[in-house]
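Peer 1: This is the structure, below, for whatever I ask next.
The values are calculated or read from the model by the stated rules, or taken from the named source; none is laboratory data. Predicted model only: the values in this text are computed from it and were never measured. With ideal geometry, Cβ positions are generated from the backbone for all residues, glycine too; neighbour counts draw on all protein chains shown. Remember, those area values only see protein heavy atoms, side chains included, never the ligands or the DNA or RNA. Shrake-Rupley method; radii C 1.70, N 1.55, O 1.52, S 1.80 Å.
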Amino acid sequence: MLFDLIATIVVGVGVSGIVIGINKLSGSRFPKWLTPMCVGLSMIGFTIFNEYAWFRNTELNLPENTVVAQKIEESKFYRPWTYIWPQTSRFIALADIQSVSADTVSAGIILVTRWQNALEIPAVFDCAGARRADFPLGLPQDIQAALPKAEWIALSADDPLLTTACRT
């Protein structure tokens with residue numbers, strides 16, 4: 001967040017320098033309000049761009065064996081443009097998808113939210129039974145022995161996490 005603030009200030013200072021330079025070259029013909037207006041609009045524009053670029057940049061920096069399973073787009077009343085172009089503020093990815101048995105896979109569920117640390121929860125997916133078992137303390141050494149005692153969460157057949165985990 002600090003780096004975004006610094007980048008926004010740098011954009012404002014840069015645009016200020018450009019507008020002042022062009023104004024000097026033109027013989028000071030611009031109205032006095034033009035520089036602060038251009039600085040303000042450029043800083044707002046950069047902030048909006050940065051909010052939309054966050055998901056793409058974060059997705060590109062994910063480890064090689066990580067797949068985005070679901071992105072959550074939001075619209076906010078104080079950002080009216082998000083009703084036209086919803087903004088991705090968080091997403092769920094699966095990492096290290098590995099087969100445990102014929103219809104069972106293990107994966108790390110990664111919850112990523114803007115301005116927060118990512119959270120990873122190891123889980124096992126039962127592809128045939130459309131269910132998931134979370135292991136917040138880490139996957140046990142003998143997964144097969146732990147599965148009958150696991151607390152299973154029923155999922156719909158079209159659940160994005162289930163379909164992403166089971167298609168690999």
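Peer 1: With at pLDDT 95 or above and closer than 30 Å to ALA118 by Cα as the only criterion, which of ILE18, ILE48, ILE9 stands out? Quick ask: steps written out before the conclusion?
Peer 2: Details: ILE18 fails: closer than 30 Å to ALA118 by Cα; ILE48 fails: at pLDDT 95 or above.
Among ILE18, ILE48, ILE9, only ILE9 is at pLDDT 95 or above and closer than 30 Å to ALA118 by Cα.
Peer 1: Under 8 Å between Cβ atoms, at least 6 apart or on separate chains: pull out the pairs that start in the stretch 63-91 with a residue that is more than 11 Å from GLU51 (Cβ to Cβ) and touching a residue at least 12 places away in the same chain (Cβ under 8 Å) and end on any residue that is loosely packed, with under 11 Cβ neighbours inside 10 Å and not basic (Lys, Arg).
Peer 2: Every condition considered, the pairs that remain are SER75/TYR83.
Peer 1: Can you name the number of the only condition in (1) within 17 Å of GLN98 (Cβ to Cβ); (2) loosely packed, with under 15 Cβ neighbours inside 10 Å; (3) at pLDDT 90 or above that GLY129 fails?
Peer 2: (1)
Peer 1: Does LEU119 qualify as being free of Cβ contacts under 8 Å to residues at least 12 places away in the same chain and more than 30 Å from GLU51 (Cβ to Cβ)? It would help to see each step written out before you state the result.
Peer 2: Details: free of Cβ contacts under 8 Å to residues at least 12 places away in the same chain: yes; more than 30 Å from GLU51 (Cβ to Cβ): no.
It is false that LEU119 is free of Cβ contacts under 8 Å to residues at least 12 places away in the same chain and more than 30 Å from GLU51 (Cβ to Cβ).
Peer 1: Among the numbered criteria (1) touching a Gly at 6+ places or on another chain (Cβ under 8 Å); (2) on the phi > 0 side of the Ramachandran plot, which one does SER28 miss?
Peer 2: (1)
Peer 1: Taking ILE109, is it of a type in the set (A, V, I, L, M, F, W, C), open to solvent by 20 Å² or more (accessible area, probe 1.4 Å) and assigned to a strand (DSSP E or B)?
Peer 2: no
Peer 1: Test each condition in (1) among the β-branched types (Val, Ile, Thr); (2) part of a helix (DSSP H, G or I); (3) crowded, with 16+ Cβ neighbours inside 10 Å for VAL13 and report the one that comes out false.
Peer 2: Just one mismatch for VAL13, condition (3).
Peer 1: Identify all residues within the stretch 16-37 that are over 38 Å from the mean Cα position of the chain (by Cα) and surrounded by 12 or more Cβ atoms within 10 Å (Cβ to Cβ); write none if there are none.
Peer 2: Scanning the stretch 16-37 gives ILE22, ASN23, PHE30.
Peer 1: Taking the stretch 62-76 as the region of interest, how many residues are at pLDDT below 95 and either over 21 Å from PRO160 (Cβ atoms) or of a type in the set (Lys, Arg) (or both)?
Peer 2: Of the residues in the stretch 62-76, 1 are at pLDDT below 95 and either over 21 Å from PRO160 (Cβ atoms) or of a type in the set (Lys, Arg) (or both).
Peer 1: Quick one: SER101 ticks every box in (1) under 18 Å from ASP159 (Cβ atoms); (2) open to solvent by less than 70 Å² (accessible area, probe 1.4 Å); (3) at pLDDT below 95 except a single one, so which number is it?
Peer 2: (1)
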